[in-house]
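Undergrad: Take this structure first; my questions come after.
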Amino acid sequence: MTEILNRSKYHYWMWRQEGTSDKLSIHYQQMRVLKKKLRSEQRKIESAKRQSKFTDIMSLSDRNDKNFYTLINNQRNLRSSVTSILKYDNKIINTEEEILDTWASYYEKLATPVDNPDFDDTYKLIVEQDISALTDTYTNNRDTLAPVSEKEVVQIINSLKNGKAPDASRVTCEHLKFGGKTLSYVLTSIITFSFSNHIIPTVFKNGLACPVFKKKGKPKEDPGSYRKITITNPVGKLTEKLHLVRNKDNISNIQSPLQKGFTQGEIPLVAALILTELHTEAKENGNPLIIALTDAKSAFDSKWKKLVNSLVNYYWITKLKSEASEKSSLNLLNYTDAEFGSIHSIWNTCGSEPYSTLRACIKSKLACNTYTLQCDKSKFSKRQISAICPLCGIEDENRLHFILRCSSLDNVRNSFIQSLKTFIKDVVTTKLYDELFSSEINTLQLIIDCSVFHFLSRGDVFKVECITRGLCFKLHQVRSNLLR
Ligand SMILES: [Zn+2]
């Protein structure tokens, strides 16, 4: 742009030097062309800037508070635009003023009660009667609320979070915090007045509504793809909090134990778990189950589903691990690293070739201790059968004897152990190498499930699995043949 500007200036200067105002001059013509080019460049840069800001907001996570408030600040700045187009009421809106107006009327319409012909009139009447009875109870027959003390007010002010975007009145929590004694005195009087008269001034309830895009993949131009978040007045927030701390215990006693949202010490995710379990149970028992969702569109957006899945998976994997830890037969299997959806390295490294799969099968039986050896036969026969190795007759045949010790299998074993040692020597330190091979238990662990050793890279695990899968299968083959 600078270059175009300079060139344009040059031609302007040359044109002036000619001393005439001849618009057919070559310099004048050049200047016109360059000015046009300059404006086009400007527009391109502006659009790229807008596009990149747009992309940033779209990819913003719902929980990213800091960026969210930056976005809100940007949005409040009239010069910047976050949405360049909206579709509403079959109209396409694309100027900033019109977009703001559209949001206003969209939210106004959402907040205005409508008469739906499908609505259950009897139920509607009951609700209306409830509302009027409650309004009556709370306005006429209720004792006034106790006045608040300045100490309480200061305490609550200090508990408010810093760094939030200002509301429509441009007041932030920091203003209250640094307002000094005069401000806390005045606020105490106002809130006490509000409590004793059961009136909350409208200005306390005013807020700045900010549409935040829910998720990529939803139509950007549909107002329904945005979640409305309201930045409320800090004095209003203070009043609410003062009221809430007094009623906290009452509320948790009265509300349903199943309410998990907006409840201290609870998270909405737990409600998701309860719901999922309920659904599973109803399905298994063939019971009918009716779930009513007041906002199904939001409740079932993919984020929610993902959260439910991850929680359910977390529950089962934790249960699985805790049960596995109680089984001594699984002592050589690395289940602590297990994750939902990821495959254990025994299976992950063998590919899909039938011969390879067969070897992985023997390997996994050994890892899970379900491969039957002489000591298992003895155990199952309540010691009627001897546990002594049928091949060499030296000692009990358990996993350690079969894989590392049995002299009848030495010939098969040696070449595999040799290549395992050669490989390991290259990838670990001498100290680790010695530790792995000087202890039979460590060597056995390396052969059965090496993924437990985190110093081995993925590639190393792959290679070790290859060698040991072959070793275990060959041992199995030769043992079977000898016993036949
Ligand atoms: Zn033996």
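No value in this document is a laboratory result; all are computed from the given coordinates. It should be emphasised that the depicted structure is a prediction, and the values quoted were computed from it without experimental measurement. We place every Cβ from the backbone using ideal geometry, glycine too, and count neighbours over all the protein chains shown.
Undergrad: Checking the a/c ratio against 1.5 first, then a/b against b/c, what shape does the Cα gyration tensor give for segment 401-440?
TA: Oblate is the answer for segment 401-440, as a/c is 1.5 or above yet b/c matches or exceeds a/b.
Undergrad: Test of understanding: ordering THR188, THR95 by Cβ neighbours within 10 Å, fewest first, what list do you get?
TA: Values: THR188 19, THR95 11.
Ordered by Cβ neighbours within 10 Å, fewest first: THR95, THR188.
Undergrad: Sort segment 369-484 into rounded, prolate or oblate with this rule: let a ≥ b ≥ c be the square roots of the eigenvalues of the Cα gyration tensor; rounded if a/c is under 1.5, and if a/c is not under 1.5, prolate when a/b is larger than b/c, oblate otherwise.
TA: Verdict is prolate for segment 369-484.
Undergrad: Quick check on the chain: helices-only [θ] at 222 nm, where DSSP H runs of length 4 and up contribute -39,500 (n - 2.57) each and the sum goes over total residues. Nearest 500, please. Kindly include the intermediate steps, with their values, before the conclusion.
TA: On the way: 20 runs with 288 residues, N = 484.
Helix-only estimate at 222 nm: -19500 deg cm²/dmol.
Undergrad: Only helices at least 15 Å long along their axis, Cα-based, and averaging 0.5 or more on Kyte-Doolittle count here, so list those DSSP H runs from the chain.
TA: Passing helices, by number: 180-197.
Undergrad: A further question on this structure: In Å³ and rounded to a whole number, note down the convex hull volume per residue for the Cα atoms of segment 153-245.
TA: Looking at segment 153-245, the number lands at 120 Å³ per residue.
Undergrad: May I ask for the distance between the Cα centers of segment 316-333 and segment 408-430, given as a whole number of Å?
TA: Cα centres, segment 316-333 to segment 408-430: 29 Å.
Undergrad: Right, next: Using the scaling law 2.2 N^0.38 Å as the reference, what is the normalised Cα Rg of segment 75-189?
TA: 1.67
Undergrad: By its C-alpha gyration tensor, with a ≥ b ≥ c as the square roots of the eigenvalues, how is the chain shaped: rounded for a/c under 1.5, else prolate for a/b larger than b/c, else oblate?
TA: Since a/c reaches 1.5 but b/c is at least a/b, the shape of the chain is classed as oblate.
Undergrad: Going by Cα centres, segment 130-166 and segment 205-244 are how many Å apart?
TA: 21 Å
Undergrad: Per the Kirkwood treatment, what hydrodynamic radius in Å, one decimal, follows for segment 232-299 from the mean inverse distance over all distinct Cα pairs? All intermediate terms of the calculation are to be shown ahead of the outcome.
TA: Details: mean 1/r = 0.0674 Å⁻¹.
Result for segment 232-299, one decimal place: 14.8 Å.
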